[in-house]
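Values quoted throughout were computed directly from the atomic coordinates according to the rules given, and no laboratory measurement underlies them. Fair warning: this is a prediction, and the values are worked out from it, not measured in the lab. Don't worry about glycine lacking a Cβ; one is built from the backbone with ideal geometry, like all the others, and counts go over all protein chains shown.
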Amino acid sequence: AARVSSGENRLVSLPLSRIRVIMKSSPEVSSINQDALFLTAKATELFVQYLATYSYKHGRGKEKNALTYSDLSHTAEECETFQFLADILPKKILASKYLKMLEKEKRDGEVGEDDEEDEDEEDENE
């Protein structure tokens, strides 16, 4: 088996031991080749770098010369390439707005259930 040399180890910033733990957490993975571990770490770094660069260029971070969480969440929501991250990087909202949303969903759910019951009764009557 090929070993990752200490020189290659310095080519990645992410800790390989952590990546190994994450990879082994999958039930389908029984063993991890060192080359696969290194390549996964490098690919992850490149992906994070691309996400950060894209978010910075297309967000408000340029104005402040900083990358913010809202830049990342906006990218995840608006860019088709990153939409799979929308659940992981949701837009921040105030707790009061969230509670109002929950109340509205609950009311809409109750109305929807009532509508279904009315339809069932109409079907029985016919």
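Length available on full extension from residue 97 to residue 32: 0.36 nm per residue minus the Cα-Cα distance, which gives 18.9 nm. Positive contributions from Lys and Arg (+1) and negative ones from Asp and Glu (-1), summed over other residues with Cβ under 15 Å from the Cβ of residue 22, come out at +2. In terms of overall dimensions, the stretch 16-108 has a Cα radius of gyration and Dmax of 18.0, 54 angstrom. How many nm is it between the label spots at residue 57 and residue 69, if each spot is 7 Å from the Cα in line with the beta carbon? Once both label points are built, they end up 2.6 nm from each other.
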